[in-house]
Amino acid sequence: MTLRIPAALAAFVLLSACGQGGEAPEASSPDAAASTDAEEVTLAPVSEENMRARIATLSSDEFEGRAPATPGGAKTREWLIEEMKSIGLEPGNGDSYEQPVPLVELTVQPDASTLSVNGETLELGPEAVYWTKRVEEDVAFEDSDLVFVGYGVVAPEYGWNDYEGVDVKGKTVVILVNDPGYATEDPELFNGRSMTYYGRWTYKYEEAARQGAAAALIIHQTAPAAYGWGVVEGSWSGAQLDLERPDGGAGRVALEGWIQEEVARDLFAKANLDFDAVTASAQERGFEAVPMEGLKASATLKNIIRRSESANVVGVLPGTERPDEYVLYMGHWDHLGVGPADENGDTISNGAVDNATGTAAILSIAEAFAKSTPKPKRSIMVVAVTAEESGLLGSAYLGEAPIVPFAQIVGGINIDGVLPMPPAKDIIVVGYGASELEDLLKKAADKRGVYLRPDAEPEKGYFYRSDHISLAKKGVPMLYADAGLDLVDGGEEAGRALAEDYTANRYHKPADNYSPDWDLTGMTASMNTLMEVGAMMAYSDDWPNWYEGNEFRALRDEQRAAAE
């Protein structure tokens, strides 16, 4: 059976931008325009059988958990290239299917590294966690003045600048996690309770570097961070993988880190500052940075450095009319590799759900496009990125070294960790209310009697935690949708039970294995829906944008204006 969509998608009218705070359009949004004399496009369906086979292969022990820069990772890349060739995809990076991604691993030596304030050492682990992105064996600074800079945000579109009127060059900035909208729950401030990119810790370190700070310390608070201190200590201790950057990380602050809230409260008290009052003032427009008088930080970091290389794997199905315009499908191929044995003696984290499913899906969608008639007018680009589990590094490299100009990417869809579920009545949109790609998703979903569901915890910023953000922050409209929970049989109770069971028992564990008993009917239905979203771009000449008010809208407007 095939899906049929009108080739009159060239006349597709994207809905107008939404209102304040990037709210998504109402469910009653009108359908797109269509001409009656247009040729029809027949989309071949995504093959459940082929997708299942790809998941089973990628998550087999043969690939040793698909860790980057390992024999299992190299074997995965070779397999991906052969799959792309068999589908009919051409090399996506010149004459190569690979985009090499240089990596560097930095390990802070705990016994030889210190962070202190006024000579009092902050204990690495219980009180503070810190590292450096500078690829140097020895990184140090002394007597750096502490300055509280609120949320550490510079956001012109929101009329917000926490660094206005203060020079932090050579100083240590102390920063709150998340953003003012979350703290106040004011829908008129940023995006209300829903986190924006400005709330992510990654942004805060980047902005501190742009401001010339010597160090940046984020105050950990469990609710706005969305995870406890144990996650901080576990994630940022030990070896840290990063991109090998041309400047060796010299453009980053010397020290990036987190401090416990109780440590921060003690530091504020020593600076004769009321922690609660000062942090509350950071929620107000016009906040001015507060010097933490009398406090100076010093640090010495000793690193062990190890270099390696992995690669993004890229294939393209060339468009028949506008091959230099691209519809992007993205998913990460890597997982955790071989590690300590679990209770069953299993040492391989196979990552069947995370993310053999997404990798298999983007290949299977490309395969379906290759079998569709006529072939897409725009090119379909498939990118299997590396090192997602190490901090979105493969997609970050793609963002810094684009294979094609960002202005030529019409829009993209990221597929990451799809649970094998029976059919659902909904599809979850992570970061709901972000871009006009949601209008296309709604059209495709409406045809199948499926409704769009916003992610339940937008304050946790899941939209900013997967690979699509690396291109979103470069201006490219990206969609991150996930399998629904409201199952046709069993409803939300059954769907949530399956999701909670996976999270508790298999996520990031050796138990994340493929089973031939998996029900892939729901996943297959979702992938056909996401394929049709891409088709609405691939067979048209439209350029979806971010919704008005989104933090990436101005960048995309400027990008497209320069390209036209």
### Message
Name the residue that is most open to solvent (accessible area, probe 1.4 Å), counting only residues in segment 112-152 that are farther than 20 Å from Ile218 by Cβ and among the aliphatic types (A, V, I, L, M).
### Response
Ala140
### Subset of segment 394-439 (residues that are part of a strand (DSSP E or B), of a type outside the set (A, V, I, L, M, F, W, C) and farther than 23 Å from Asp519 by Cβ)
Gly411, Gly412, Asn414, Ser435
### Query
Consider Gly294 against the criteria (1) at pLDDT 95 or above; (2) not in a strand (DSSP E or B): it satisfies all of them except one. Which criterion is unmet?
(2)
### Query
Any idea which of Thr107, Thr76 is under 27 Å from the mean Cα position of the chain (by Cα) and within 23 Å of Ala215 (Cα to Cα)?
Thr107
#### Entry: Spans of strands (runs of 3 or more DSSP E) in segment 67-146 with at least 2 residues over 29 Å from Pro405 (Cβ atoms), touching a helix residue (DSSP H, G or I) at 6+ places or on another chain (Cβ under 8 Å) and of a type in the set (S, T, N, Q)
none
### Complete set of residues in segment 91-106 that are open to solvent by 20 Å² or more (accessible area, probe 1.4 Å) and under 16 Å from Gly248 (Cβ atoms)
Pro102, Glu105
### Query
What pairs can you find where one residue is in segment 481-508 and of a type in the set (Ser, Thr, Tyr), the other is surrounded by 15 or more Cβ atoms within 10 Å (Cβ to Cβ), and their Cβ atoms are less than 7 Å apart, with a gap of 6+ or different chains?
Tyr502/Val353; Tyr502/Leu419; Tyr507/Asp354
### Query
So which of Ser349, Ser395 ends up being crowded, with 23+ Cβ neighbours inside 10 Å and at pLDDT below 95?
Ser349
### Task
Inspect all residues belonging to segment 468-488 and state whether any of them is in contact with a Ser or Thr (Cβ under 6 Å, 6 or more places away or on another chain), modelled with pLDDT under 95, among the aliphatic types (A, V, I, L, M) and open to solvent by 10 Å² or more (accessible area, probe 1.4 Å).
yes
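Residues checked against (1) closer than 21 Å to Ala74 by Cα; (2) open to solvent by 10 Å² or more (accessible area, probe 1.4 Å); (3) of a type in the set (A, V, I, L, M, F, W, C):
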site: Ile362; (1), (2), (3): yes, no, yes
site: Glu367; (1), (2), (3): no, yes, no
site: Ser372; (1), (2), (3): no, no, no
site: Lys375; (1), (2), (3): no, yes, no
site: Val382; (1), (2), (3): yes, no, yes
site: Gly399; (1), (2), (3): no, no, no
site: Gln408; (1), (2), (3): no, yes, no
site: Val418; (1), (2), (3): no, no, yes
site: Ala424; (1), (2), (3): no, yes, yes
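The values are calculated or read from the model by the stated rules, or taken from the named source; none is laboratory data. As the structure is a prediction and not an experimental result, all values here were calculated from the model. Using ideal geometry, Cβ is built from the backbone for each residue, glycine included, and neighbour counts are taken over all protein chains shown. Only protein heavy atoms, including side chains, enter the accessible area calculation; ligands, DNA and RNA are left aside. Shrake-Rupley method; radii C 1.70, N 1.55, O 1.52, S 1.80 Å.
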